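Asker: Below is a structure I'd like to ask you about.
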Amino acid sequence: MEKKCLRKKDNLWVLFNGKEYCVGLTKEAQEELGAVTFASIQKAGTALKQGEILVELEAEKAVSEFPSPLTGVISSVNEKIDQSIDTLNDEDEMNAWLVSFKEVDPSQFEAL
């Protein structure tokens, strides 16, 4: 049986790539928000608990805060967002990734 490596929670997707957990905006979130114009994302090295604010987004239709779907340490942030906020409006939701987490309890991911 194939193990599921993609989960969704609170309009965020979480993908386990074998070593880290990548988190991004779902297509549904992109549609609800409209074009994202500003993002305030936690920095690499930040330890977050599940439910704490991971990212605040300003967009055409709303300003929204998204809670972290996992407890862990942010290992990387999508640098393309700094270069172009339109990265978060990409048709391919996998390109609209926000951060990667390390030091995550696998059972927490499985429970999503």
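Asker: Rounded to whole Å and sorted largest first, what semi-axes of the equivalent ellipsoid does the C-alpha gyration tensor of the chain yield via the square root of 5 times each eigenvalue?
Answerer: 22, 15, 13
Asker: Would you kindly state how much longer the chain becomes between Ser84 and Thr37 on full extension, computed as 0.36 nm times their sequence separation minus their alpha carbon distance, in nm to one decimal? Walk me through the intermediate numbers first.
Answerer: On the way: separation 47, 0.36 × 47 = 16.92 nm, distance 0.96 nm.
That works out to 16.0 nm of additional length.
Asker: Go through region 1-80 and name the trypsin sites (Lys or Arg not before Pro) that are in a DSSP coil and have 11 or fewer other Cβ atoms within 10 Å of their Cβ. Working shown, then result.
Answerer: Details: sites: Lys3, Lys4, Arg7, Lys8, Lys9, Lys19, Lys27, Lys43, Lys49, Lys61, Lys80; in loops: Lys3, Lys4, Lys19, Lys43, Lys49, Lys61.
Those satisfying the criteria are Lys3, Lys4, Lys19, Lys43, Lys49, Lys61.
Asker: What dipole magnitude, in Debye to the nearest 20, does the chain give about its Cα centre under +1 on Lys/Arg Cβ and -1 on Asp/Glu Cβ?
Answerer: Details: 12 positive and 21 negative charges, 103 e Å.
The dipole magnitude comes to about 500 debye.
Asker: Tally Lys/Arg at +1 and Asp/Glu at -1 over every other residue whose Cβ is under 9 Å from the Cβ of Phe66; what's the total?
Answerer: Details: positive: none; negative: Asp10, Glu56, Glu65.
Charge balance in the 9 Å sphere: -3.
Asker: Over the chain, with every protein chain in place, what whole percent of the accessible area is carbon and sulfur at 1.4 Å, could you tell me? Could the numbers behind the result be given before it?
Answerer: On the way: 2990 of 6300 Å².
Whole-percent figure for carbon plus sulfur exposure: 47.
Asker: Go ahead and estimate [θ] at 222 nm for the chain from helices alone: -39,500 (n - 2.57) per DSSP H run with n ≥ 4, summed, over the residue count, rounded to 500. Numbers along the way, then the final one.
Answerer: Working: 3 runs with 16 residues, N = 112.
After summing the helix terms and dividing by the residues of the chain, the value is -3000 deg cm²/dmol.
Asker: Right, another one. Just the number please: accessible area per residue for region 12-71, 1.4 Å probe, all protein chains included, in Å².
Answerer: On the way: 2930 Å² over 60 residues.
Averaged over the residues of region 12-71, the accessible area is 49 Å².
The values are calculated or read from the model by the stated rules, or taken from the named source; none is laboratory data. Keep in mind that this is a model prediction, so the values were computed, not measured. A quick note on method: Cβ atoms are made from the backbone with ideal geometry, for glycine too, and the neighbour counts reach across all protein chains shown. These accessible areas exclude ligands, DNA and RNA; they are computed on the full protein's heavy atoms, side chains included. Shrake-Rupley method; radii C 1.70, N 1.55, O 1.52, S 1.80 Å.
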